[in-house]
Amino acid sequence: MAKNNNGKMSREQAGEKGGKATSRNHDQEFYEEIGKKGGEATAKNHDQEFYEEIGQKGGEARTRQRKNNKSS
């Protein structure tokens, strides 16, 4: 793993290393459970307007992606 000029890992490198270690130590069920918990926490902390906004943004991004694929 590459080091910064000061000989330390970057945050990105540390995150990647931690993510790889986590994936070696846990199975699909672990990820399903933390995803479910995260979804429940998000639902508890946000209202319908939040979901409408992110749905709108997702739709716009998907439209741009489709347009880019057609022009390629």
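The values are calculated or read from the model by the stated rules, or taken from the named source; none is laboratory data. Computed from a predicted structure; not experimentally measured. Positions of Cβ are backbone-derived with ideal geometry, glycine not excepted, and every protein chain shown enters the neighbour counts.
Part of a loop (DSSP other than H, G, I, E, B), modelled with pLDDT of 95 or more and not polar (S, T, N, Q) - does that describe any residue in segment 35-44? No; the residues of segment 35-44 include none that is part of a loop (DSSP other than H, G, I, E, B), modelled with pLDDT of 95 or more and not polar (S, T, N, Q).
The number of residues in segment 36-60 that are exposed (fewer than 10 other Cβ atoms within 10 Å of the Cβ) and either touching a residue at least 60 places away in the same chain (Cβ under 8 Å) or within 16 Å of the chain's Cα centre (by Cα) (or both) comes to 0.
Within the option set Lys67, Lys8, being over 20 Å from the mean Cα position of the chain (by Cα), modelled with pLDDT under 95 and not in a helix (DSSP H, G or I) holds for one residue only, Lys8.
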